[in-house]
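Colleague: Let me begin by handing over the structure; questions about it come next.
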Amino acid sequence: RLASGDPAGARLLLRQLVGRSPESVPFLSQLAQAEEALGDVAAARSALSAAAAVNPRNEFVQTRLGELELRSGRAVEGERALRQALAIEPRYLPGVLALGQLLLRSGRAAEEEVLVREAVAAGVQSGVLLTRLGEIELRRGEITQADLHLAEATRVLPEFATAWRLWAEVARRQNDTGAATARAARAAALK
C-alpha cells in the first residue's frame, strides 16, 4: 500500500503486522516510512529506534534513522546514526553518500574528502562517489588522479552526465580538444 500511494492504509496494516511481530525489522522500517509519509516524524523515529534495538548491527536501519534525523533538522543525531551505520559497514554506499552530503553542506569539506577517499580505497564501486572524488581532485588541480577517477566513474555509471561534464573539463585542462568535445557532447546528451 505504501508503494501504491496509500500511506494511511500502509500504516494501519503495518501497525497490525508489528503488533504480531514486534521484532520484525522490515515491518518496523516500513512502518517508519509510512509514519514519515503521514508527517509523524516522532512515530517514524520510534519505529526506526525499535528496529535498531532489535538489530543494532543493521547499517540500513542506522542509515534510515540518520536520514530521518537530518530531514527533521536534527543534524547531530543524524550524523551520529550515519557514523554508526558506517562503523557497522564502512562500504555501505547510502550511508557514505548521506554522511558526505551532510559534511559538505555543513562546510566540512575536508572531512567529506577523507570520507570519500576512504570509501573508494575500501572498494566502494559507485559512479557517484568516484565522480565526487574526481571533482575534488579537479578542484585541487590533481588532473591525473581526476582523470583516472572520472574515467572509472563513466565506466561504472555511464549515464551520469556530471561525470562526463567533469571529465570533459579534465580533457580541456590537458589540452585534448577532441576528448573534451566528445565528453561534453555525451554530458549534454545525457541531460
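The values are calculated or read from the model by the stated rules, or taken from the named source; none is laboratory data. Keep in mind the model is a prediction, meaning the values are calculated, not measured. Note that we place each Cβ from the backbone using ideal geometry, even for glycine, and neighbour counts take in every protein chain shown. We work out accessible area using only protein heavy atoms, side chains counted, and drop any ligands, DNA or RNA first. Shrake-Rupley method; radii C 1.70, N 1.55, O 1.52, S 1.80 Å.
Colleague: Toward the positive end of the charge dipole of the chain, about the Cα centre and with charges on Cβ (Lys, Arg +1; Asp, Glu -1), which of Gly134, Leu157, Ala75 goes farthest?
Modeller: Comparing the listed Cα positions along the dipole, Leu157 ranks first.
Colleague: In nanometres, what is the gap between the two model label sites at Ala122 and Gln145, each 7 Å from Cα along Cα-to-Cβ?
Modeller: A separation of 1.9 nm, rounded to one decimal place.
Colleague: Measure of size requested: the Rg and Dmax of the stretch 1-46, with Cα atoms as the atom set and Å as the unit; please supply both.
Modeller: 9.4, 26
Colleague: Per residue, how much accessible surface does the stretch 1-83 expose to a 1.4 Å probe? Answer in Å², no decimals.
Modeller: It amounts to 52 Å² per residue over the stretch 1-83.
Colleague: Would you mind checking the radius of gyration and Dmax of the stretch 1-118 based on alpha-carbon positions, in Å?
Modeller: Computed over the Cα atoms of the stretch 1-118, radius of gyration and Dmax are 14.9, 47 Å.
Colleague: Size of the dipole of the stretch 1-132 about the Cα centre, Lys and Arg at +1 and Asp and Glu at -1 on the beta carbon, nothing else charged, in debye to 20? Can you show the working numbers first?
Modeller: Details: 16 positive and 15 negative charges, 27 e Å.
That gives a dipole near 140 debye.
Colleague: Right, another one. How large is the Kirkwood hydrodynamic radius of the stretch 54-112, in angstrom, based on all distinct alpha carbon pairs?
Modeller: 11.0
Colleague: Moving on to the next point. Carbon and sulfur atoms: what percent of the 1.4 Å accessible area of the chain do they account for?
Modeller: Using a 1.4 Å probe with all protein chains present, the chain comes out at 53 percent carbon and sulfur.
Colleague: Report the convex hull volume per residue for the stretch 72-191, counting only C-alpha atoms, in Å³.
Modeller: Once divided by residue count, the hull of the stretch 72-191 is 102 Å³.
Colleague: With label points built 7 Å along Cα→Cβ from the Cα atoms of Asn55 and Gln101, find their separation and express it in nm.
Modeller: Inter-label distance under the simple model: 2.3 nm.
Colleague: Using the Cα gyration tensor of the stretch 109-166, with a ≥ b ≥ c the square roots of its eigenvalues, what is the shape: rounded (a/c below 1.5), prolate (a/b larger than b/c) or oblate (neither)? Working shown, then result.
Modeller: Numbers: a/c = 1.76, a/b = 1.19, b/c = 1.47.
Oblate shape, in that a/c is at least 1.5 and b/c is the bigger or equal ratio.
Colleague: Place +1 on the Cβ of every Lys and Arg and -1 on the Cβ of every Asp and Glu in the stretch 1-65, take the dipole about the Cα centre, and give the residue among Pro26, Leu48, Leu38 whose Cα lies farthest towards its positive end.
Modeller: Pro26
Colleague: Additional query: Using label points projected 7 Å from each Cα along Cα→Cβ, tell me how many nm separate Arg74 and Arg155, to one decimal.
Modeller: 4.3
Colleague: Could you work out the helix-only [θ] at 222 nm for the chain, with each DSSP H run of four or more residues adding -39,500 (n - 2.57) and the total divided by the number of residues, to the nearest 500 deg cm²/dmol?
Modeller: Counting only the DSSP helices, I get -25000 deg cm²/dmol.
Colleague: Please give the charge dipole size of the stretch 92-144, origin at the Cα centre, charges +1 on K and R Cβ atoms and -1 on D and E Cβ atoms. Round to the nearest 20 debye.
Modeller: On the way: 6 positive and 7 negative charges, 24 e Å.
The dipole magnitude comes to about 120 debye.
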